[in-house]
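What follows is a single structure, written as structure tokens, with notes after it.
We did not get these values from a lab; they are worked out from the coordinates using the rules stated. Since the structure is predicted, the reported quantities are computational estimates derived from the model, not experimental observations. Methodologically, a virtual Cβ is constructed for each residue, glycine included, from the backbone with ideal geometry; neighbour enumeration extends over all protein chains shown.
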Amino acid sequence: MEIRKVQMTGGASFVVTLPKDWAEGQKIKKNDPVGLIVQPDGTLLVTKKITEDPIQRVKDIDSSNITDPAFLFRLLIGTYITGFNVIRITTKQRFPPFVRTVVRDFTQMTIGQEVVEETETVIGIKDLLNPVEMPFDNTIKRMFVIVKNMHEDAIVALETHNNTLANDVISRDMDADRLNWLIARQTNMLMQNASLSRKMEISPALAMNYYQLSRIIERVGDHAVRIAEHSLPIIDVDFDKKFMNAIKKASAMSLEIFDRSIVSFFNGDMKEAHRNIESLTALENICGDINTMVLKQDSLIALNIAYISESIRRAGEYAGDISETVINLLVENELGPRKGSSGK
């Protein structure tokens, strides 16, 4: 860090000189204009870019030597999350059929991506979403509702022997994933574009906290999927109701911790976050009791109920991680409530 003294000129204006090496590296000459952007956290950004036009980043992917559809899909997701506005997939000859299938899956599974050019050797994908139209708060709340409903429906599917509902929970995991990818993408874009940070009224540091939160919620969703997956092998089994009652009780406790963790985040409530973390002990105890209860059961029932109990416990622990994030954020920044007063 270079330290510069603030000087005054003309009796009214404050002046700070720019580092010579930086100015030369940016090819800034005498009388060139520079932009000054006040960041949400109060810092001041100096940039050569003085227009409000969005930064256009283009990624070229040569698919000529790619034969694995899964690899191509991961490349596209990585490019999307990194924040590229345009993706151009090229080939030296005609595209094999799997490339178009992967592109179609990619545009359906991501938000704002559309094919705008398609020939025998070039496929162009462009981002049509204005990031300002998808604020972090709204995306997190949508993720929370989706994941909470997934968990609740997975338990209902087990209790009501509903095979269709269990499979529906598994398929809904993609809805949570695509929102998590969106937050990761917007976070990277904020890091690269200071004017976007100002437009969205969020600092890069706070955006990173939202990204961390979305990752945790996505993991809670993964455990809802595991509950559904381990319900399927025993979906038609009429096991002792005491197991189902214990599972429902543990699930309700886990979801209550999840619910309170999101509310404490949006309300900026450090004390509630602390109480939430303390309540994990009761959840861990009841999940331990479930595992003890099933030891004398048939191996198929015992194994799958143990996995379900474990996922319920892990979901609650991830919710506790959200509360820890709330405390860390408030201690560091002494921030008040997030925009929007409730996570529900």
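Tabulated values for the structure
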read-out: Shape category assigned to the stretch 129-286 from the gyration tensor of Cα positions, a/c cut at 1.5; value: oblate
read-out: Likely footprinting exposure, Phe73, Phe266, fewest C-beta neighbours within 10 Å first; value: Phe73, Phe266
read-out: Lys/Arg +1, Asp/Glu -1 at C-beta; the stretch 36-161 dipole; positive extreme among Ile81, Phe136, Thr47; value: Thr47
read-out: Kirkwood Rh in Å, taken over the stretch 215-266 so that all alpha-carbon pairs contribute; value: 12.7 Å
read-out: Computed over the stretch 58-127: relative contact order in percent, which uses C-alpha pairs under 8 Å that are six or more apart; value: 35 percent
read-out: Calculated log₁₀ intensity ratio I(q)/I(0) where the Debye formula runs over C-alpha points of the stretch 58-127, q = 0.12, 0.14, 0.18 Å⁻¹; value: -0.25, -0.34, -0.58
read-out: Mean projection area, nm², convex hull over Cα of the stretch 80-201; value: 9.3 nm²
read-out: Three-way shape label, the stretch 182-270, alpha-carbon gyration tensor, a/c 1.5; value: oblate
read-out: Descending Cα extents along the principal axes, the stretch 1-127, whole Å; value: 70, 28, 26
read-out: Extended-chain gain in nm, criterion 0.36 nm per residue less alpha-carbon gap, Glu159 and Asp238; value: 27.5 nm
read-out: Spin-label pair Val86/Asn130, simplified geometry with 7 Å Cα→Cβ offset, distance in nm; value: 2.1 nm
read-out: About the Cα centre, charge dipole magnitude for the stretch 86-158 (Lys/Arg +1, Asp/Glu -1 at Cβ), debye; value: 240 debye
read-out: Straight-distance crosslink candidates among lysines, where the alpha carbon sits under 22 Å from Lys241 and sequence neighbours closer than 8 are dropped; value: Lys249, Lys296
read-out: ³J(HN,Hα), Karplus 6.51/-1.76/1.60, whole Hz, each residue of the stretch 225-241, x for Gly, Pro; value: 4, 5, 4, 5, 5, 7, 7, 4, x, 10, 4, 9, 8, 8, 7, 3, 4
read-out: Table column - 3J(HN,Hα) (Hz), the stretch 105-113, Karplus curve with 6.51, -1.76, 1.60, x for Gly and Pro; value: 4, 4, 5, 7, 8, 10, 9, x, 8
read-out: Computed [θ] at 222 nm, helices only, for the chain once each DSSP H run of length n ≥ 4 contributes -39500 (n - 2.57); value: -20500 deg cm²/dmol
read-out: Average silhouette area of the chain, convex hull of alpha-carbon atoms, in square nanometres; value: 23.4 nm²
read-out: Shape of the stretch 7-47, Cα gyration tensor, a/c cut at 1.5; value: oblate
read-out: Candidates Val102, Val220, Val46, ranked by Gaussian network fluctuation over the chain, Cα under 10 Å, top entry; value: Val46
read-out: The chain, dipole about Cα centre (Lys/Arg Cβ +1, Asp/Glu Cβ -1), debye to the nearest 20; value: 1180 debye
read-out: The chain: relative contact order as a whole-number percent, Cα under 8 Å and 6+ apart; value: 15 percent
